Ligand code: HEC
């Protein structure tokens, strides 16, 4: 019982840290999108008609989206795999999945 309590005490801060950095990554993703993606993906990814397609309600798989962000597409979209780490790209994926119509 004592051992279990000690283990929980040891694990709790690590979990809190992971939560915090995920929250931070989500905030960063908004900024990254605004500065780096939004000029091609109009309406912050909500609407079609820009250089890049609409991303809201994408039917693409997570794998496809992550791959497109990392590797881009020749002649269409730059690759960002060297610029952003995996956590940032996962946060961009969450950002895209959570897009809702603007009120
Ligand atoms: C220079 C303009 C440009 C920039 C900057 C850009 N994109 Fe794109 N993006 C495109 C174009 C064009 C396509 C369509 C590629 C194709 O023909 O399949 C695309 C496709 C995508 C797709 C796949 C959509 C689909 O359904 O096929 C995702 C996801 C995506 N972009 C995310 C991003 C993210 C995230 C960023 C910022 C890190 C970004 N893009 C920056 C132009 C851009």
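No lab work stands behind these numbers, since they all come straight from the coordinates. Everything numeric here is computed off the predicted structure, so don't read it as measured data. We place every Cβ from the backbone using ideal geometry, glycine too, and count neighbours over all the protein chains shown.
What the table below lists for this structure:
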item	result
Sole exception among (1) surrounded by 10 or more Cβ atoms within 10 Å (Cβ to Cβ); (2) farther than 23 Å from residue 103 by Cβ; (3) near the ligand (Cβ under 10 Å from one of its atoms) for residue 74, by number	(1)
Boolean, residue 14 is part of a helix (DSSP H, G or I) and surrounded by fewer than 12 Cβ atoms within 10 Å (Cβ to Cβ)	yes
Hits in region 79-103 (condition: part of a loop (DSSP other than H, G, I, E, B) and either surrounded by 13 or more Cβ atoms within 10 Å (Cβ to Cβ) or touching a residue at least 60 places away in the same chain (Cβ under 8 Å) (or both))	79, 80, 81, 83, 84, 99
Residue within region 19-26 that is surrounded by fewer than 11 Cβ atoms within 10 Å (Cβ to Cβ) and not in a helix (DSSP H, G or I) present	no
Selection from region 57-70 of residues that are near the ligand (Cβ under 8 Å from one of its atoms), part of a helix (DSSP H, G or I) and either in contact (Cβ under 8 Å) with a residue 12 or more places away in the chain or loosely packed, with under 13 Cβ neighbours inside 10 Å (or both)	64, 65, 69
Matching residues in region 30-56 - criterion: being touching a helix residue (DSSP H, G or I) at 6+ places or on another chain (Cβ under 8 Å), free of Cβ contacts under 8 Å to residues at least 12 places away in the same chain and in a helix (DSSP H, G or I)	34
Tally, over region 37-56, of residues that are under 25 Å from residue 103 (Cβ atoms) and near the ligand (Cβ under 10 Å from one of its atoms)	11
